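Q: Take this structure, written in structure tokens, and hold onto it; I'll ask about it next.
The values are calculated or read from the model by the stated rules, or taken from the named source; none is laboratory data. Not measured: the values here are computed from a predicted model. For neighbour counting, all protein chains shown are included, and Cβ atoms are generated from backbone atoms with ideal geometry for every residue, glycine included. Please note that ligands, DNA and RNA were not included when accessible areas were found on the heavy atoms of the full protein model with its side chains. Shrake-Rupley method; radii C 1.70, N 1.55, O 1.52, S 1.80 Å.
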Amino acid sequence: MCGIFGCVLNEGDAAPLVREGLKRLEYRGYDSVGVATVWDGKVFVKKDVGKLDEVHAKLNLDDLPGCVGIGHTRWATHGAPEQVNAHPHTDCTGEVAVVHNGIVENFVELKRMLEQKRHVFRSRCDTEVIAHLIEDELKKAGSLIEAVRRALREVKGSYAIAVVHAKHPDRIVCARLESPLVIGLSSRGMYCSSDIPSFLHLTRRAVFLQDYQVAEISLNGVRVYDLITGKEIPYEVQQLDLSEEAAEKSGYPHFMLKEIFEQPQAMKNALRTHELYYDLMAPALANAKRVFLTACGTSYHACVAASYALSELGGITAQPVIASEFINYVGPAVDEETVVLAVSQSGETADTLSAVRFARSKGATVLGVTNVMGSSLTRLSTVYIGQNSGPEIGVAATKTFTAQLTVLLRLAMKVGLRTGTLSQESYEGLSERLLAMPDYAAKVLETVDERVKLLASKYADRQSFCFLGRGISSATAMEGRLKLLEIAYIPCLAYPAGESKHGFIAVVEKGYPTVFVAPNDSTRTKIIGNIMEMKAREASVISLIEEGDREIAEFSDDYLEMPKGIPEMFTPLIYVIPLQLLAYYISVYRGYDPDKPRNLAKSVTVQ
Ligand code: M6R
């Protein structure tokens with residue numbers, strides 16, 4: 001997730017307005033920033049690493065000539081946060097400048113093809129291919145918009161882009177596919193942006209560009225075309241009625257809820273990571289003598305789930321270890337034949353980094369999964385995968401959990417192909433199912449939200465909860481517990497359900513809320529037994545079941561139905577969603593701010 005902004009003004013300099021617009025988009029990314037303007041037949045660019053105010057203090061971003069400009073605030077996906085990778089990106093001639101929010105999935109192939117045509121690349125950023133593709137198409141096309149349209153037909157992935165050209169100084173061409181783009185209209189000028197808060201102080205008249213649409217904005221107005229056919233399309237101008245704060249949260253009352261609802265897109269973005277990284281990691285994992293997975297908090301739960309998947313699909317044993325215990329617990333076993341896979345959203349968690357540094361000192365191979373390119377974890381890992389979730393503002397991890405898990409599941413499948421645990425056919429079948437998971441997540445969000453709200457109001461005053469699951473669902477249960485604990489301040493327990501009779505059962509009494517993660521998988525028969533044990537002690541059973549599972553529904557005081565047909569190892573991706581919502585709504589019912597739970601920080605950089 002990055003932020004893009006552009007404006008075409010009828011008088012005055014564009015650069016200060018672009019900078020102001022970017023400031024309001026910094027919640028979308030803030031590791032580097034850049035602005036390009038057009039003036040006197042030339043494109044002028046300033047860009048660097050750092051937050052907008054830091055870069056502005058250093059470069060004076062306002063000091064760029066021209067009343068047409070585009071800008072970008074970055075959350076790195078391809079290419080570390082370095083000056084050369086910051087946007088805008090230019091072509092070989094320096095006449096085309098592009099800003100982009102999204103991921104060019106086929107950039108390796110496109111770059112190779114363009115290099116064969118003697119294009120010279122300066123960055124490692126996927127976006128640069130778009131600038132060179134436009135340069136090529138301009139040789140054939142009659143207009144900038146036609147060149148952009150033709151170039152984008154080569155691109156696989158997601159994008160919202162804005163393009164300026166030295167020889168077309170009066171316009172911006174923009175387009176979208178799966179990344180947001182909105183156009184603002186005013187008498188002073190026209191704007192294009194990733195999100196409306198960036199121009200709400202300038203205008204409240206907007207056009208929301210749709211997927212596969214390309215638009216040209218100039219002082220003559222806005223023209224929208226179909227990206228595939230090139231035909232002009234009529235559009236509707238909407239009058240916006242939103243406060244600036246509500247607009248930043250896209251109308252959601254809290255970032256946490258917004259981020260829960262962003263999960264289908266976050267999972268899709270995670271699936272866009274290039275195959276190359278998995279091909280590098282999989283042999284290391286498949287051939288290692290010992291594999292440890294290490295992380296903290298929610299990332300640790302992703303590791304617990306991944307350890308089941310690596311065993312079931314990958315055919316290897318990978319032990320999940322809480323990072324703060326890593327050295328004392330498994331330290332003596334770590335050597336040159338060990339692979340440590342560290343998972344950290346921030347890439348800066350001190351306990352995780354300490355485990356990683358220790359592993360490196362023992363000669364182990366360190367692999368990383370993180371959301372922050374350029375973080376310490378990316379620097380300490382031999383190979384790392386960026387999960388592409390964009391910034392997560394709520395302190396409670398939600399979309400970053402499902403994105404991490406998406407990456408880890410794909411990795412487990414790759415390992416399975418390597419070890420022979422999965423045949424090519426079953427690997428392909430599962431890959432297809434994994435690609436469908438974002439749609440399952442969207443369906444669950446659509447169907448369970450209201451019902452979870454009701455459940456939350458029913459149970460919001462309870463003093464304690466327990467979450468139980470078997471197999472991979474025990475990781476889902478642990479994550480459900482952590483969410484409720486950290487944002488609603490309710491002491492909660494979580495167990496692999498079979499363990500509940502070895503102690504927990506002593507505290508169960510009438511009405512004790514016990515949440516069962518009970519998909520229709522290999523654990524179902526046994527979990528029914530555990531549900532009966534709790535029912536016999538008059539616990540209030542809340543179960544997450546597969547749609548139409550009448551048997552478990554009848555034993556439950558309340559239940560939530562999940563779609564049919566989710567492979568067992570993928571269930572945490574979907575079953576965790578109602579648990580995130582439950583925690584969110586209970587927190588709100590109890591009068592807390594779920595975005596900023598007390599005593600917690602988004603990134604814990606002390607040991
Ligand atoms: O940035 P990391 O993934 O390394 O963070 C790990 C934990 O601090 C984090 O997951 C924390 O537990 C969250 N508050 C969970 O919602």
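Q: For segment 330-464, what is the convex hull (Cα atoms) projected area averaged across all directions, in square nanometres?
A: 11.7 nm²
Q: Also: Give the peptides 359-365, 396-402, 124-130 in descending order of average Cβ contacts within 10 Å, highest first.
A: 396-402, 124-130, 359-365
Q: Please give the charge dipole size of the chain, origin at the Cα centre, charges +1 on K and R Cβ atoms and -1 on D and E Cβ atoms. Round to the nearest 20 debye.
A: The calculated dipole for the chain is roughly 640 debye.
Q: Hey, another quick one. With no solvent and one point on each alpha carbon, what is the Debye value of log10 I(q)/I(0) for the chain at q = 0.09, 0.11 Å⁻¹?
A: Calculated log10 I(q)/I(0) at the listed q: -0.73, -1.05.
Q: Percent relative contact order of the chain, based on C-alpha pairs within less than 8 angstrom and at least six residues apart?
A: Result for the chain is 11 percent.
Q: Right, something else. Give me the compactness ratio for segment 3-248, meaning the Cα radius of gyration over 2.2 N^0.38 Å.
A: So the Cα radius of gyration is 0.91 times the expected 2.2 N^0.38 Å.
Q: Can I ask one more? How much length is gained if the chain between Ala506 and Ile228 is pulled fully straight, taking 0.36 nm per residue apart and subtracting their Cα-Cα distance, in nm to one decimal?
A: Full extension of this stretch gives 93.7 nm more.
Q: For a quick check of understanding: with a 1.4 angstrom probe and all protein chains in place, what accessible area in square angstrom does Tyr440 have, to the nearest ten?
A: Rounded to the nearest 10, that gives 50 Å².
Q: Ok, one more. Give the accessible area for Glu275 in Å² (nearest 10); use a 1.4 Å probe, count only protein heavy atoms, and leave out ligands, DNA and RNA.
A: Its heavy atoms expose roughly 70 Å² to the probe.
Q: What ranking do 378-388, 249-259 get when scored by the average of other Cβ atoms within 10 Å per residue, highest first?
A: 378-388, 249-259
Q: Here's another thing I want to ask about it. Explain nothing, just the number: relative contact order of segment 449-607, from Cα pairs under 8 Å at least 6 residues apart, as a whole percent.
A: This gives 30 percent for segment 449-607.
Q: Using the Kirkwood radius over Cα pairs, work out the Stokes-Einstein diffusion coefficient for segment 134-211 at 20 °C and 1.002 mPa s, in µm²/s as a whole number.
A: Stokes-Einstein gives a translational diffusion coefficient of 159 µm²/s.
Q: Same structure again: Largest first, what is the accessible-area ranking of Glu392, Glu95 with a 1.4 Å probe?
A: Glu95, Glu392
Q: Anything in the chain that counts as a DSSP H helix reaching 15 Å or more along its axis (C-alpha) with Kyte-Doolittle mean of at least -1.0? List them, would you?
A: 128-138, 275-287, 297-312, 350-361, 399-419, 424-459, 473-488, 524-536, 571-589
Q: Same structure, new question: Quick one: grab the alpha carbon gyration tensor of segment 473-573, order the square roots of its eigenvalues as a ≥ b ≥ c, and give me rounded if a/c is under 1.5, else prolate or oblate depending on whether a/b is larger than b/c.
A: It is oblate, given that a/c is not under 1.5 and a/b is not larger than b/c.
Q: Suppose a student asked you for the relative contact order of segment 232-335, using Cα pairs under 8 Å spaced at least 6 residues apart; what percent would you report?
A: Relative contact order for segment 232-335 comes out at 18 percent.
Q: Kindly provide the helix-only [θ] at 222 nm of the chain, computed as the sum of -39,500 (n - 2.57) over DSSP H runs of four or more divided by all residues, to the nearest 500 deg cm²/dmol?
A: -12000 deg cm²/dmol
Q: Work through the residues other than Glu248 whose Cβ is under 9 Å from its Cβ and net out their charges, Lys, Arg +1 and Asp, Glu -1.
A: -1
Q: What order, most packed first, do the peptides 486-495, 343-352 have when packing is the mean number of other Cβ atoms within 10 Å of each residue?
A: Descending packing order for the listed peptides: 343-352, 486-495.
Q: What would the Debye equation give as log₁₀ I(q)/I(0) for segment 252-435 at q = 0.16 Å⁻¹, counting only Cα atoms as equal point scatterers?
A: After summing over all Cα pairs, the log10 values are -0.91.
Q: On full extension of the chain, what length is gained from Thr447 through Glu325, given 0.36 nm per residue of separation minus the C-alpha to C-alpha distance?
A: 39.9 nm
Q: Within segment 1-35, which residues have the backbone N less than 19 Å from the label spot 7 Å out from Gln238 along Cα→beta-carbon, could you tell me?
A: 4-6, 25
Q: Let me ask another. Any idea of the accessible area per residue across the chain, 1.4 Å probe, to the nearest Å²?
A: 37 Å²
Q: Just list whichever of Lys268/Lys483; Lys443/Lys510; Lys156/Lys399; Lys117/Lys167 have alpha carbons separated by over 26 Å in the model shown.
A: Lys443/Lys510
Q: Something else about it: Using a cut-off of 17 Å between alpha-carbon atoms, which aspartates and glutamates can reach Lys140, once sequence neighbours fewer than 8 places away in the same chain are excluded?
A: Asp91, Glu95, Glu154
Q: So, one more: Per 0.36 nm of contour for each residue apart, how much would the distance between Lys58 and Asp211 grow if the chain were fully extended, relative to their Cα-Cα spacing?
A: Roughly 51.4 nm would be gained on extension.
Q: Moving on. Could you please state how large a percent of the accessible area of the chain is carbon and sulfur, counting protein chains only and using a 1.4 Å probe?
A: Using a 1.4 Å probe with all protein chains present, the chain comes out at 49 percent carbon and sulfur.
Q: Let me ask you something else. Which lysines have a Cα less than 27 Å from the Cα of Lys289, not counting those fewer than 8 places away in the same chain?
A: Leaving aside lysines fewer than 8 places away in the same chain, those within reach of Lys289 are Lys362, Lys414.
Q: Something else now. Taking a cut-off of 16 Å between Cα atoms, list the lysines near Lys501, but don't count ones fewer than 8 places away on the same chain.
A: Of all the lysines, those that pass the test against Lys501 - Cα under 16 Å, at least 8 places apart if same chain - are Lys526, Lys535.
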